[in-house]
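Right, one structure below, let's go through it.
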Ligand SMILES: Nc1ncnc2c1ncn2[C@@H]1O[C@H](COP(=O)(O)OP(=O)(O)O)[C@@H](O)[C@H]1O
Ligand SMILES: [Mg+2]
């Protein structure tokens, strides 16, 4: 089974960069999800690997074979890339029964006897639970059933690489959940490499061995789901992954600070003048951190300058990513978009909702703004001044709107971001002084 390698893949239409200089190694046997907001370049990336879209530049190999190389003029057609597809706009043959649709790809394969085809169709039909519809025509099925037929048809030839573009989008919530767990099993059972496009972070989190997170055509982070969750590289990644979303809290560094040795502390002021110390889990010296960041930025700028020097380079129109982190405020739906700052003394603290702990001895005071119990957990919004923080309390808990409570920000999974460049400085613990 093959590994897929993308090297400096760019796809642009005139000055619009759909995918910008993407380098990615998809390991053999991986389940990689391409995740990001609508229009970030997920489908385009998948189509380029599959051979349905021609990259503007770069190189793609599947296993040992280079299937695309703009410089060498290599472009292997899709049907010779030995991959299976399942796209958002799947098309079933309307004049064929479900059985015939699924069997279609196998009938051209000489290694399958009629009996083997029948067994294989039954097997995949069973997996996606359409065994009782085999004699029907697509027009006699619901959207969700059609989608499952499309999945079965793709699985039937046992492709070594399987591409899926939002394949569960037409299913209702319950069926989607069920199909997710079936896909996970299928991945293990088939041993194939899965590349899966979704804009749904929950789907990406639960299915993937690795998430490839894109924004505006640019790779943001490529890591295992829980690593993206616990150590997002920047504000965008922190915000995009996690439901309910992470809390962002603006914080100012309190002078004299800036240096933090192993285990040492960074003094901050946040939530209406509260003085806290942030203790990074691993030592981080802020001046060093900023120096490293600057070096990385300079290197990136030099690389870009090199690309721009090429006569083929076309100025990028969509340079600015639209992402702005938001601070939730009472009475403002969706929160207030924040700008990055010029000062190295400005920070953003990221707190996942499960780290907000309501308790009588809590260091912070708040008012219950809303409380939504589901039985398994309760999602509360806490009003601190005009800021809103979201907390998830596990187990049954009832709060009354307007009730005064105290809370802590617990655990060592608190994130400290630079407000200057939006990137993660460290994870650690927050303690009030
Ligand atoms: N043929 C095209 N011509 C111009 N722009 C395109 C074309 N195809 C896609 N795009 C643009 O490229 C960006 C990425 O598209 P796509 O990969 O489909 O996004 P998504 O992440 O939602 O799957 C979008 O902004 C889209 O409008
Ligand atoms: Mg898409």
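For the reader, a short list of remarks on this structure follows.
- The lone criterion from (1) more than 29 Å from the chain's Cα centre (by Cα); (2) within 16 Å of ligand 2 (Cβ to nearest atom) left unmet by residue 269 is number (2).
- Candidates 349, 392, 314 - the one that is at pLDDT 90 or above, at negative phi and in contact with a helix residue (DSSP H, G or I) (Cβ under 8 Å, 6 or more places away or on another chain): 392
- In the stretch 40-53, residue farthest from ligand 2 (Cβ to nearest atom) [restricted to those that are without any contact (Cβ under 8 Å) to a residue 40 or more places away in the chain and more than 22 Å from residue 207 (Cβ to Cβ)]: 51
- Beta carbons closer than 9 Å, at least 6 apart along the sequence or on distinct chains, pair a first residue in the stretch 1-28 that is without any contact (Cβ under 8 Å) to a residue 12 or more places away in the chain with a second that is in a loop (DSSP other than H, G, I, E, B) for 13/56.
- Note on the stretch 165-231: enclosed helices (runs of 4 or more DSSP H) holding 1 or more residues that are surrounded by 21 or more Cβ atoms within 10 Å (Cβ to Cβ) and either free of Cβ contacts under 8 Å to residues at least 24 places away in the same chain or at positive phi (or both) are 225-230.
- Hey, residue 86 within 16 Å of ligand 1 (Cβ to nearest atom), on the phi < 0 side of the Ramachandran plot and at pLDDT 95 or above or not: no
- Scoring residue 100 on the criteria (1) part of a helix (DSSP H, G or I); (2) touching a helix residue (DSSP H, G or I) at 6+ places or on another chain (Cβ under 8 Å); (3) surrounded by fewer than 20 Cβ atoms within 10 Å (Cβ to Cβ) leaves a single failure, condition (2).
- Counted residues, the stretch 7-37 - those being closer than 20 Å to residue 164 by Cβ and either in a strand (DSSP E or B) or within 16 Å of ligand 2 (Cβ to nearest atom) (or both): 15
- Failed item, numbered, when residue 67 is tested on (1) within 16 Å of ligand 2 (Cβ to nearest atom); (2) part of a strand (DSSP E or B): (1)
- Picking from residues in the stretch 44-64 that are in a loop (DSSP other than H, G, I, E, B) and surrounded by fewer than 23 Cβ atoms within 10 Å (Cβ to Cβ), the one that is nearest to ligand 1 (Cβ to nearest atom) is 53.
- Hey, residue 67 more than 15 Å from ligand 1 (Cβ to nearest atom), over 22 Å from the mean Cα position of the chain (by Cα), surrounded by 20 or more Cβ atoms within 10 Å (Cβ to Cβ) and closer than 28 Å to residue 303 by Cα or not: yes
- Checking each residue of the stretch 170-183 against the condition of being closer than 21 Å to residue 25 by Cα, in contact with a helix residue (DSSP H, G or I) (Cβ under 9 Å, 6 or more places away or on another chain) and at pLDDT below 85 gives no match.
- Verdict on residue 10 being farther than 20 Å from residue 83 by Cα, surrounded by 16 or more Cβ atoms within 10 Å (Cβ to Cβ), away from ligand 1 (no atom under 11 Å from the Cβ) and assigned by TED's automatic domain parsing to the domain that holds residue 221: yes
- Criterion: within 12 Å of ligand 1 (Cβ to nearest atom), under 23 Å from residue 70 (Cα atoms) and out of contact with any strand residue (DSSP E or B) (no Cβ under 9 Å at 6 or more places or on another chain) - qualifying residue of 15, 41: 15
- Residue match in the stretch 85-100 (condition: away from ligand 2 (no atom under 16 Å from the Cβ) and touching a strand residue (DSSP E or B) at 6+ places or on another chain (Cβ under 7 Å)): no
- Pair list, Cβ < 6 Å and 6+ apart or interchain, from the stretch 343-358 residues that are over 22 Å from residue 396 (Cα atoms) to residues that are assigned to a loop (DSSP other than H, G, I, E, B): 344/420; 346/419; 347/419; 348/419; 350/246
The values are calculated or read from the model by the stated rules, or taken from the named source; none is laboratory data. All figures in this text were calculated on a predicted structure; none of them were measured in a lab. Don't worry about glycine lacking a Cβ; one is built from the backbone with ideal geometry, like all the others, and counts go over all protein chains shown.
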